[in-house]
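Student: Below: one structure in structure tokens.
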Amino acid sequence: MKMYDYYRYSKHVGSHLRVLTCSLAIGVCVTLPAWAIDAKSIQVHGFASQAYTLTDKNNFFGESTGNGSFEATELGVNASWRMFPELQLSGQLLWRKVGNIGNDKIQFDYGLVDYRFFSNEQRHHGLRFGRIKNPLGLYNDTRDVAFTRPGVILPQSIYFERTRDLALSSDGGEMYGELRFAANTLGWELMVAQPRTSDVDTEIALLGADRPGHLGGDTSVIGRLTYDHLEGRLRLAISSARLNMEYQPGQSDPSGGGVIRFTPTILSAQFNSEDWTITTEYARRNFLFDDKITYVPPSLKTITGQSYYLQSEYRLTEKWELMARYDVAYRNVDDKTGQKFEDMAAGAIPAHTQFSKDWTVGVRWNPSPVWMVRAEQHWVNGTAWLPFQDNPDRAKTSQHWRLFTVLVSYRF
Amino acid sequence: MGQKEYLQPEDQGTYKAWTNILAHATEEQTRFFQTVHGKKTASHGVYCLKGVCARVSPYNHLFDDRNISKSFLKMAVRLIPLKLRKLLNARCSRTHACHPRNRFDEITVNSRETDSVLLWAYNSIRIEHFTKRNNILLDKPDKERTSNSMYASIARCIGHFLIIYIALISAHSNAADVIVNPSVSQSTISQNTLRAIFGMRLLQWPNGEPITVFVLPLKNPVHENFIKERLGVFPHQLERNWDLLVFSGTGQPPIRVRSEQEMRKRIAETPGAIGYLSRKDFDENVRLLPIQ
């Protein structure tokens, strides 16, 4: 069997497995509510969100120019079973149709066994196995759940939509623990796993297009250290990852294969008062491409991206909240204006794809604890995080653009 | 007489009315007022002011007074919730504390708000009730009126005031208490441990028994008050942390119950359960767990 066929074969088996796990999980979810009535250790929760997006230029979440786009639907259902205080099983199914990002198949978002082998009033330690959400930053763990986001869309400088699969969850194991001293908590998570790179979007993001070969995940490490004062009155976190991937060239592939290493580091801080939530995060992202991969020009084999945002949320009343954010991303700290990049691409790809500065104001309305409506206006300079999937021809994108979006979300 | 120390009226006019009453109160009446105002309601007994008697029991409020008509009580019960709602709605806009549909017995107020409600109630009742019935105004005592009839009115007024006050503070002025199923062997709990339990981070009692946490709905004022006063955090922080657990598969949120009655019932029937109740309504089925 040739290499290419092998990969096709493994993809094929993978899709069958996925269908099987999905149908099993759906079966479990359908029968669960009946048990949940008397078994309080089993819980089923879920969410559904629909957004409308309107842009003056550039497409975001579907063809959002003109009359706008409704192509932003997120549905999720999860079940958890705490068999013993030490042991929990949980899993979540996710269906997402967001522009042309990702496929609109049901995905197995996470599914894990959580074993807490030591616990007392001062600390606990445990292990998790399975598909685990990547512990990155403040929002990555629950990025698809609109209720947990600070806006309709997350700060894109750090929580890119277009490489979401890579950041979302990984298959492997995780050690975690927590130390509690007085009103403070120190928590940590260390994960050794394979990133999910099966998605074609990762290939597009890292190699510029859907290449003939296969991009596979290698053993990677992700860690996060969190300091918490009074359940998040003040929360500080540092998270970092070393995501290893390998590109296997396909048939008649002009490029050779090799290793791609992505090393993001995120510093996070959040302050909560009764009415205010102030959040800021700073990230540096290092990319390293093997010399043999010719899809990436030599000068961009090692680049460092930089992102940061400052965001404030204000709870006006119990039903209304306001949000404002300034969000900045540079794809290459050595080329913040993108001029070098444009010169190198001989003008084919504009400079504004290398940075973005986004001013956002938003409002949130909670008609009831299970319903939420949000509206948000962005003024964006640059297209660093604009999804390629919605804008295949980057030469046709505009530097200055506006984005308006409304979201309705339900949870249970 | 030092009445300023225990009375903080909202406006000068009411204060003046109140000083007038106190100026005419006997030493016994002042002491009684101080006792009640100092929230020492746990002492049983029948307290009498001139012409008005009230029986005070620790947690239930009983009215035993021939001078207090049923119509007066009805009016008090009707008026006070209205004013409380007004007050709490004003507070709501700042702290998301309450819902207009809240029943009277679910409203929690602090002592300062109780003061102002009572002063208001006193004023309203005085105007609506006493002026009609007795044809007197207490904040401008008429020197020519016989002191006897004035004393009787003042005393009755104070008596009514106190009874309303007793009813209010015995039911509402304190944050909810921690309640556990009797299977829990701990005798006290620290605030930090309590926070870890309600944060769903500590899942077992020291003897290994699983902890089941019950909470009231987010917008319930008893919930808000408990989280703020007893745990020292804001409800929205806990909601966010619970969401993180639920939607990342790393934990479970507490179980929501609709009312305090349901809370009490569920805690009584679930070994290792913990929750809170605003009324001091304990027996062999649910136990108070004092915070250290």
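The values are calculated or read from the model by the stated rules, or taken from the named source; none is laboratory data. This structure is a prediction, so every number in the text was calculated from the model and none was measured. As a convention, Cβ positions derive from the backbone with ideal geometry for all residues, glycine included, and neighbour counts pool all protein chains shown.
Student: What number of residues in the stretch B:250-279 are free of Cβ contacts under 8 Å to residues at least 12 places away in the same chain and touching a helix residue (DSSP H, G or I) at 6+ places or on another chain (Cβ under 9 Å)?
Tutor: 1
Student: Going by the structure shown, is A:T317 touching a strand residue (DSSP E or B) at 6+ places or on another chain (Cβ under 6 Å), more than 24 Å from A:N58 (Cβ to Cβ) and either part of a loop (DSSP other than H, G, I, E, B) or more than 14 Å from chain B (Cβ to nearest Cβ) (or both)?
Tutor: Considered against the rule, which asks whether it is touching a strand residue (DSSP E or B) at 6+ places or on another chain (Cβ under 6 Å), more than 24 Å from A:N58 (Cβ to Cβ) and either part of a loop (DSSP other than H, G, I, E, B) or more than 14 Å from chain B (Cβ to nearest Cβ) (or both), A:T317 comes out as no.
Student: Also, I was wondering about something else. Which number in (1) assigned to a strand (DSSP E or B); (2) over 14 Å from the mean Cα position of the chain (by Cα) marks the one condition that A:L206 misses?
Tutor: A:L206 satisfies all of (1) assigned to a strand (DSSP E or B); (2) over 14 Å from the mean Cα position of the chain (by Cα) except (1).
Student: Here's a follow-up. From the list B:R266, B:R258, exactly one residue is in the same structural domain as B:Q191 (by TED's automatic domain parsing) and in a loop (DSSP other than H, G, I, E, B). Which is it?
Tutor: Among B:R266, B:R258, only B:R258 is in the same structural domain as B:Q191 (by TED's automatic domain parsing) and in a loop (DSSP other than H, G, I, E, B).
Student: Here's something else I'd like to know. Taking the stretch B:237-259 as the region of interest, how many residues are closer than 20 Å to A:R233 by Cα, among the polar types (S, T, N, Q) and either more than 9 Å from chain A (Cβ to nearest Cβ) or within 26 Å of the chain's Cα centre (by Cα) (or both)?
Tutor: 1
Student: Further, regarding this structure: The conditions are (1) over 17 Å from B:I189 (Cβ atoms); (2) in contact with a helix residue (DSSP H, G or I) (Cβ under 8 Å, 6 or more places away or on another chain); (3) more than 9 Å from every other protein chain (Cβ to nearest Cβ), and B:I227 fails exactly one of them. Which is it?
Tutor: (1)
Student: So for the stretch A:236-248 (the condition being within 25 Å of B:G199 (Cα to Cα) and surrounded by 19 or more Cβ atoms within 10 Å (Cβ to Cβ)), does at least one residue qualify?
Tutor: From the stretch A:236-248, those within 25 Å of B:G199 (Cα to Cα) are A:236-239; that's our starting set.
The next check asks that each one be surrounded by 19 or more Cβ atoms within 10 Å (Cβ to Cβ); those that pass are A:237, A:239.
Within the stretch A:236-248, one or more residues are within 25 Å of B:G199 (Cα to Cα) and surrounded by 19 or more Cβ atoms within 10 Å (Cβ to Cβ).
Student: Here's another thing I want to ask about it. Can you work out which of the residues in the stretch A:80-95 that are more than 26 Å from the chain's Cα centre (by Cα) and more than 9 Å from every other protein chain (Cβ to nearest Cβ) is surrounded by the most Cβ atoms within 10 Å (Cβ to Cβ)?
Tutor: Of all residues in the stretch A:80-95, those more than 26 Å from the chain's Cα centre (by Cα) come to A:82-87.
If we keep only those that are more than 9 Å from every other protein chain (Cβ to nearest Cβ) as well, we get A:83, A:87.
Numbers: A:M83: 11, A:L87: 14.
Across the stretch A:80-95, the extreme among qualifying residues is A:L87.
Student: When you check A:T226 against the structure, is it in a strand (DSSP E or B), surrounded by fewer than 20 Cβ atoms within 10 Å (Cβ to Cβ), of a type in the set (S, T, Y) and in contact with a Leu (Cβ under 9 Å, 6 or more places away or on another chain), yes or no?
Tutor: yes
Student: Every residue in the stretch A:169-210 that is aromatic (F, W, Y) and closer than 17 Å to B:S248 by Cβ, please.
Tutor: Once the filter is applied, which keeps residues that are aromatic (F, W, Y) and closer than 17 Å to B:S248 by Cβ, the stretch A:169-210 yields A:Y176, A:W188.
Student: How many residues, within the stretch A:59-79, are within 14 Å of another protein chain (Cβ to nearest Cβ), of a type outside the set (D, E) and either under 17 Å from the mean Cα position of the chain (by Cα) or closer than 14 Å to A:D165 by Cβ (or both)? Give the derivation first.
Tutor: Just the residues of the stretch A:59-79 that are within 14 Å of another protein chain (Cβ to nearest Cβ), to begin with: A:74-79.
Among the residues that remain, those that are also of a type outside the set (D, E) are: A:75-79.
Okay, now just the ones that are also either under 17 Å from the mean Cα position of the chain (by Cα) or closer than 14 Å to A:D165 by Cβ (or both), so A:75-76.
Residues in the stretch A:59-79 being within 14 Å of another protein chain (Cβ to nearest Cβ), of a type outside the set (D, E) and either under 17 Å from the mean Cα position of the chain (by Cα) or closer than 14 Å to A:D165 by Cβ (or both): 2 in total.
Student: A follow-up question, please. So A:F287 passes all but one of these: (1) within 14 Å of chain B (Cβ to nearest Cβ); (2) assigned to a strand (DSSP E or B). Which condition number does it fail?
Tutor: (1)
Student: Is one or more of the residues making up the stretch A:189-212 in contact with a Pro (Cβ under 6 Å, 6 or more places away or on another chain) and either surrounded by fewer than 16 Cβ atoms within 10 Å (Cβ to Cβ) or modelled with pLDDT of 95 or more (or both)? Working first, answer last.
Tutor: First, pick out the residues of the stretch A:189-212 that are in contact with a Pro (Cβ under 6 Å, 6 or more places away or on another chain): A:189.
Now restrict to residues that are either surrounded by fewer than 16 Cβ atoms within 10 Å (Cβ to Cβ) or modelled with pLDDT of 95 or more (or both): A:189.
Yes, the stretch A:189-212 contains at least one residue that is in contact with a Pro (Cβ under 6 Å, 6 or more places away or on another chain) and either surrounded by fewer than 16 Cβ atoms within 10 Å (Cβ to Cβ) or modelled with pLDDT of 95 or more (or both).
Student: Another question about this same structure. Being among the β-branched types (V, I, T) and either on the phi > 0 side of the Ramachandran plot or touching a residue at least 40 places away in the same chain (Cβ under 8 Å) (or both) is the filter; apply it to the stretch A:266-306 and report the residue that is surrounded by the most Cβ atoms within 10 Å (Cβ to Cβ).
Tutor: A:I266
Student: Further, regarding this structure: Can you report the number of residues in the stretch A:160-188 which are at pLDDT 90 or above, buried (at least 23 other Cβ atoms within 10 Å of the Cβ) and in contact with a Lys or Arg (Cβ under 6 Å, 6 or more places away or on another chain)?
Tutor: So the answer is 1.
Student: Considering each residue of the stretch A:144-189, count those that are in a strand (DSSP E or B), more than 14 Å from every other protein chain (Cβ to nearest Cβ) and among the aliphatic types (A, V, I, L, M), and give that number.
Tutor: Counting residues in the stretch A:144-189 that are in a strand (DSSP E or B), more than 14 Å from every other protein chain (Cβ to nearest Cβ) and among the aliphatic types (A, V, I, L, M) gives 0.
Student: Then there's this: Pairs, please: C-beta under 9 Å, at least 6 apart or cross-chain, first residue within 11 Å of B:Q204 (Cα to Cα) and in contact (Cβ under 8 Å) with a residue 40 or more places away in the chain and in the stretch A:109-120, second assigned to a strand (DSSP E or B) and of a type in the set (S, T, Y)?
Tutor: none
Student: Filter the stretch B:268-288 down to residues that are out of contact with any Lys or Arg (no Cβ under 7 Å at 6 or more places or on another chain) and within 12 Å of chain A (Cβ to nearest Cβ) and give me whichever is farthest from A:G91 (Cα to Cα).
Tutor: By that ranking, first place goes to B:E269.
Student: Residues that are surrounded by fewer than 17 Cβ atoms within 10 Å (Cβ to Cβ) and either facing chain B (nearest Cβ under 9 Å) or out of contact with any Leu (no Cβ under 9 Å at 6 or more places or on another chain) (or both): does the stretch A:126-141 have at least one?
Tutor: Here is the first cut: in the stretch A:126-141, the residues surrounded by fewer than 17 Cβ atoms within 10 Å (Cβ to Cβ) are A:127, A:129.
Subsequent filtering for residues that are either facing chain B (nearest Cβ under 9 Å) or out of contact with any Leu (no Cβ under 9 Å at 6 or more places or on another chain) (or both) retains A:127.
Looking for residues that are surrounded by fewer than 17 Cβ atoms within 10 Å (Cβ to Cβ) and either facing chain B (nearest Cβ under 9 Å) or out of contact with any Leu (no Cβ under 9 Å at 6 or more places or on another chain) (or both), one finds at least one in the stretch A:126-141, hence yes.
Student: Sticking with this one: With out of contact with any Cys (no Cβ under 7 Å at 6 or more places or on another chain), of a type in the set (D, E, K, R) and within 14 Å of chain B (Cβ to nearest Cβ) as the only criterion, which of A:D228, A:D201, A:D253 stands out?
Tutor: A:D228
Student: State all residues of the stretch B:187-205 that are more than 7 Å from chain A (Cβ to nearest Cβ) and either buried (at least 18 other Cβ atoms within 10 Å of the Cβ) or within 18 Å of A:H125 (Cα to Cα) (or both); if no residue qualifies, say none.
Tutor: The answer is B:I189, B:L194, B:I197, B:F198, B:M200, B:W205.
Student: Here's something else I'd like to know. Here is a check on your reading of the model: is A:D114 within 14 Å of chain B (Cβ to nearest Cβ) and under 21 Å from the mean Cα position of the chain (by Cα)?
Tutor: no
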